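Asker: Please find one structure pasted underneath; my questions will follow.
The values are calculated or read from the model by the stated rules, or taken from the named source; none is laboratory data. Only a predicted model underlies this, so the values are computations on that prediction, with no experimental measurement involved. Cβ coordinates were reconstructed from backbone atoms using ideal geometry, including for glycine residues, and neighbour counts include every protein chain displayed.
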Amino acid sequence: MLRDEPTRLLIAAMGGEGGGVLAGWITQAALAEGLWVQRTSVPGVAQRTGATTYYLEFLPRRDGAAQPVMALNPSPGRVDVLVATELLEAARMVQAGYVTPERTCLIGATHRVFTVDEKSAMADGRLEDAALIAQCRGFARRAVLDDLGALAAAQGCHLNAVLMGAIVGAGVLPIGAESCRAAIRSGARAVEVNLRGFEAGLAHFGAPDAAAPPVAAREAAPADRAADPAATGFLPPEAGELAAEGVRRLTDYQDAGYAETYLAHLRALAAHPAADAAVLAAVARHLAIRMSYEDTFRVAQLKLRESRLDKVRGEARARPGDLVDVTEYLKPGPEEIFGMFPPRLGGWFMQLCERRGWQGKSIPMKLRTTRFSGFIRLRALGALRRWRPRSLRHAQEMAWVAQWLDRIARALERDPKAAIEIAECARLVRGYGATLKRGLRNWDLIDARLIEPGLTGDYASTDFADAVLQARLAALKDPDGTALDDMIAAFEAAAGIDAAPRWDAAVA
């Protein structure tokens, strides 16, 4: 691969991922191979707030030749190897023009670190992994993409060590394995762990006869063993797969009886002659999510999961035998506290909080779950999930579910397309606290001014489904409700319906 033109390598990483260490190893290995090498970097601020890139160029030393002058920055269309520590970082480099079908080999990890916009979206704001991978493969001459994060976790090492092995195994740089091992050994920290990661990456992408270390399989949750997919045979295949996952989710969330309640709702809807596969699939998905709402019992249950503690140990980069102390920071407010009470008692306390202006109050708490006192408190709180069906929060959630299912069933009589859009409105109601309040507010507005009038014939059947769709999209785009109010007012004007008071005035 040595040429008169330099070999160009661009590393795209995020803050704290060890991209600088990786670039240092590669530089040291290239010098050991007798190459001219130049390295520059553009540091970022932190994860997802600034790209951290490292650019290297390599040239062979020629007898009698003067030291070459190499570029300080990468040029779009002239990068030979792109190494990305995360899938979206790889896609960003493709979008910037650094990956071309004529020359670029792309080596990337396919795990995701979600952006703030993805996590804060009202609906599921995650980018589709399949689309990002297709973009990377479509623009690269050669794409070496795999879940290297899982491979690193299985070896108990950092991702950069696995990437070093992947680079050598893919044979895309003029450096050998022994030079890389020597560069890693010259480090002062975690030498054995990094060598183990390097060998894992080298074996995974090296010669066909190399034995790649197995990637640890996902730990099966208790619900995986309790699910019975045959129980969803009354549904079309697409809806049945979603319902089977819903059964697993709700069995883990509460118990088998609660999952049976979920199936009973689906059976009642499936008996409707106008309920097609699309409607049943949408309801199966959103009903399972809505019935597994996030409450205090669920938070305690998830924080003590062994898989979560393993993830914390991985993020802390703990070695076998290290002690890791975990402190959970909780701030339950009136909704979380009194939502655990019986409906009448909890409702009385909530009214008291509203009269006194205490809705925004919270109780800061710190629990060390790796100590007995903190662990036993969370364990006791998680065990109280048996009380959940008799709590105020559960009564409120089930009332909403009953209203939502009623609107879907009635819409099936008038316009099955509108029934699908009403089912998708469940995307608005999610989370807890202020997020849940905004979602419920937007749902109530759509229900009162679009769905109910549409079901009674105030809107033409051709406009009903579109009105609900456009209102839902407006609510997801603008959680504060201004765009939603304007959208509904426009549909009301087109249908000749007297406009209701604006939402902010109505709730004032």
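Asker: Taking the conditions exactly as written (surrounded by 15 or more Cβ atoms within 10 Å (Cβ to Cβ) and either without any contact (Cβ under 8 Å) to a residue 12 or more places away in the chain or closer than 22 Å to residue 435 by Cα (or both)), does residue 335 satisfy them or not?
Answerer: So residue 335 fits the description; yes.
Asker: Oh, and also: Kindly check whether there is at least one residue in segment 416-437 that is among the aromatic types (Phe, Trp, Tyr) and loosely packed, with under 15 Cβ neighbours inside 10 Å.
Answerer: Checked segment 416-437: no residue is among the aromatic types (Phe, Trp, Tyr) and loosely packed, with under 15 Cβ neighbours inside 10 Å.
Asker: When segment 152-190 is examined, which residues are found to be of a type in the set (Lys, Arg) and more than 25 Å from residue 80 (Cα to Cα)?
Answerer: 185, 189
Asker: Now a separate question. What number goes with the only condition from (1) touching a Pro at 6+ places or on another chain (Cβ under 7 Å); (2) surrounded by 14 or more Cβ atoms within 10 Å (Cβ to Cβ); (3) more than 22 Å from residue 442 (Cβ to Cβ) that residue 374 does not pass?
Answerer: Of the numbered conditions (1) touching a Pro at 6+ places or on another chain (Cβ under 7 Å); (2) surrounded by 14 or more Cβ atoms within 10 Å (Cβ to Cβ); (3) more than 22 Å from residue 442 (Cβ to Cβ), the odd one out for residue 374 is (1).
Asker: Output the number of residues of segment 308-323 satisfying the condition of being surrounded by 12 or more Cβ atoms within 10 Å (Cβ to Cβ) and assigned to a helix (DSSP H, G or I).
Answerer: Within segment 308-323, residues that are surrounded by 12 or more Cβ atoms within 10 Å (Cβ to Cβ) and assigned to a helix (DSSP H, G or I) number 7.
Asker: Still on this structure, please answer the following. Select from segment 106-143 the residues that are among the basic types (Lys, Arg), modelled with pLDDT of 85 or more and not in a loop (DSSP other than H, G, I, E, B) and write down the one among them that is nearest to residue 173 (Cα to Cα).
Answerer: 142
Asker: Which of the numbered conditions does residue 112 fail, given that it passes all the others? Conditions: (1) under 25 Å from residue 30 (Cα atoms); (2) free of Cβ contacts under 8 Å to residues at least 40 places away in the same chain.
Answerer: (1)
Asker: Failed condition for residue 189, given (1) surrounded by fewer than 17 Cβ atoms within 10 Å (Cβ to Cβ); (2) over 24 Å from the mean Cα position of the chain (by Cα); (3) modelled with pLDDT of 90 or more, with all others met?
Answerer: (3)
Asker: Moving on to the next point. Residue 171 passes all but one of (1) modelled with pLDDT of 90 or more; (2) out of contact with any Asp or Glu (no Cβ under 9 Å at 6 or more places or on another chain); (3) closer than 30 Å to residue 192 by Cβ; which number fails?
Answerer: (1)
Asker: Test residue 66 against the criterion of being surrounded by fewer than 17 Cβ atoms within 10 Å (Cβ to Cβ), modelled with pLDDT under 90 and more than 30 Å from the chain's Cα centre (by Cα), and give yes or no. Talk me through it step by step, then tell me what you get.
Answerer: Numbers: surrounded by fewer than 17 Cβ atoms within 10 Å (Cβ to Cβ): yes; modelled with pLDDT under 90: yes; more than 30 Å from the chain's Cα centre (by Cα): yes.
Criteria met by residue 66.
Asker: Enumerate the helices (runs of 4 or more DSSP H) found wholly within segment 324-416, keeping only those where 2 or more residues are among the aliphatic types (A, V, I, L, M) and modelled with pLDDT of 90 or more.
Answerer: 343-356, 392-414
Yes/no matrix, rows are residues, columns are (1) among the basic types (Lys, Arg); (2) within 23 Å of residue 437 (Cβ to Cβ):
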{"position": "345", "(1), (2)": "no, yes"}
{"position": "350", "(1), (2)": "no, yes"}
{"position": "371", "(1), (2)": "yes, no"}
{"position": "381", "(1), (2)": "no, no"}
{"position": "384", "(1), (2)": "no, no"}
{"position": "394", "(1), (2)": "no, yes"}
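Asker: Could you check segment 124-148 and list, in sequence order, the residues that are surrounded by 15 or more Cβ atoms within 10 Å (Cβ to Cβ) and either touching a residue at least 60 places away in the same chain (Cβ under 8 Å) or among the hydroxyl-bearing types (Ser, Thr, Tyr) (or both)?
Answerer: 144, the sole residue that qualifies.
Asker: Find the residue count for segment 290-302, including only residues that are buried (at least 21 other Cβ atoms within 10 Å of the Cβ) and more than 20 Å from residue 426 (Cα to Cα).
Answerer: 3
Asker: Right, here's the next one. Show the residue pairs meeting these rules: Cβ distance below 8 Å; 6+ apart or different chains; first residue within segment 24-40 and farther than 14 Å from residue 55 by Cα and surrounded by fewer than 17 Cβ atoms within 10 Å (Cβ to Cβ); second residue among the small types (Gly, Ala, Ser) and modelled with pLDDT of 90 or more.
Answerer: Here the result reads 32/179; 32/182; 32/183, each pair linking segment 24-40 to a residue that is among the small types (Gly, Ala, Ser) and modelled with pLDDT of 90 or more.
Asker: Which of the numbered conditions does residue 362 fail, given that it passes all the others? Conditions: (1) out of contact with any Lys or Arg (no Cβ under 6 Å at 6 or more places or on another chain); (2) surrounded by 14 or more Cβ atoms within 10 Å (Cβ to Cβ).
Answerer: Of (1) out of contact with any Lys or Arg (no Cβ under 6 Å at 6 or more places or on another chain); (2) surrounded by 14 or more Cβ atoms within 10 Å (Cβ to Cβ), only one is false for residue 362: (1).
Asker: From (1) under 29 Å from the mean Cα position of the chain (by Cα); (2) of a type outside the set (A, V, I, L, M, F, W, C); (3) more than 18 Å from residue 338 (Cβ to Cβ), pick out the condition that doesn't hold for residue 388.
Answerer: With respect to (1) under 29 Å from the mean Cα position of the chain (by Cα); (2) of a type outside the set (A, V, I, L, M, F, W, C); (3) more than 18 Å from residue 338 (Cβ to Cβ), residue 388 is out only on (3).
Results for (1) surrounded by 16 or more Cβ atoms within 10 Å (Cβ to Cβ); (2) under 18 Å from residue 413 (Cβ atoms), shown as yes or no for each residue.
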{"residue": "249", "(1), (2)": "yes, no"}
{"residue": "252", "(1), (2)": "yes, no"}
{"residue": "260", "(1), (2)": "no, no"}
{"residue": "264", "(1), (2)": "no, no"}
{"residue": "270", "(1), (2)": "yes, yes"}
{"residue": "284", "(1), (2)": "yes, no"}
{"residue": "288", "(1), (2)": "yes, no"}
